[in-house]
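The values are calculated or read from the model by the stated rules, or taken from the named source; none is laboratory data. If you're wondering where the values come from, they're calculated on a predicted model, not measured in any experiment. Backbone-built Cβ (ideal geometry, glycine too); neighbour counts: all protein chains shown. Remember, those area values only see protein heavy atoms, side chains included, never the ligands or the DNA or RNA. Shrake-Rupley method; radii C 1.70, N 1.55, O 1.52, S 1.80 Å.
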Amino acid sequence: MKSFFILLFFFSSALFSSPLEAFKTIQSDFVQNVTNDQNKTIRYEGKFYATKDKKALWIYEKPVAKKIYFNDTKVVIIEPELEQAIITTLENTPNIAELIRQAKEIAPNRYQTTFMETTYTITATQTTIKNVVYNDKLDNHVEILFGDQSINLFLDDALFVPEVPVGYDYIRQ
């Protein structure tokens, strides 16, 4: 489960590197394709919100609903189907702001960086992030495609406050 969320943590703090420094906020649709070593792919879809001050929210809509909130120190994953909220730290997960700042241009509009032996390739322009590609620790090929992006719109801080329904179990990791 942890390796699945590595990418989420990677993107959850902010989306700012040399070509993207002008971003204060970003909201985007996303499609995340995870392909295993037997060439079977799981496709996730949803919405992504992030601020330069390290707040982010991933809202998974398909194939199952889930919300992942984070700031610079912790992550709260709300799993409606399991009626649980998982609370964890970012200790062993990449900080998107730092990773993107550290990414080096390897070709026009292509950047690369490494965190904990995982190499991330980012395709971006001055105004959008196109995708992020990497292989996770389970040797799954992961690609996240971003679309219908808006930048520098007002995002209310309340959007990034986890709302755990009454009766959900809390799991601390």
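A few points about this structure:
- Each residue in region 132-151 was checked for being out of contact with any helix residue (DSSP H, G or I) (no Cβ under 6 Å at 6 or more places or on another chain) and either of a type in the set (Ser, Thr, Tyr) or loosely packed, with under 13 Cβ neighbours inside 10 Å (or both), and 5 of them qualify.
- Count of region 152-173 residues which are surrounded by 11 or more Cβ atoms within 10 Å (Cβ to Cβ) and aliphatic (A, V, I, L, M): 5
- Some residue of region 93-112 being part of a strand (DSSP E or B), open to solvent by less than 30 Å² (accessible area, probe 1.4 Å) and either hydroxyl-bearing (Ser, Thr, Tyr) or under 21 Å from THR25 (Cα atoms) (or both): yes
- Residue within region 152-170 that is within 16 Å of the chain's Cα centre (by Cα), more than 29 Å from ALA85 (Cβ to Cβ) and touching a residue at least 24 places away in the same chain (Cβ under 8 Å) present: no
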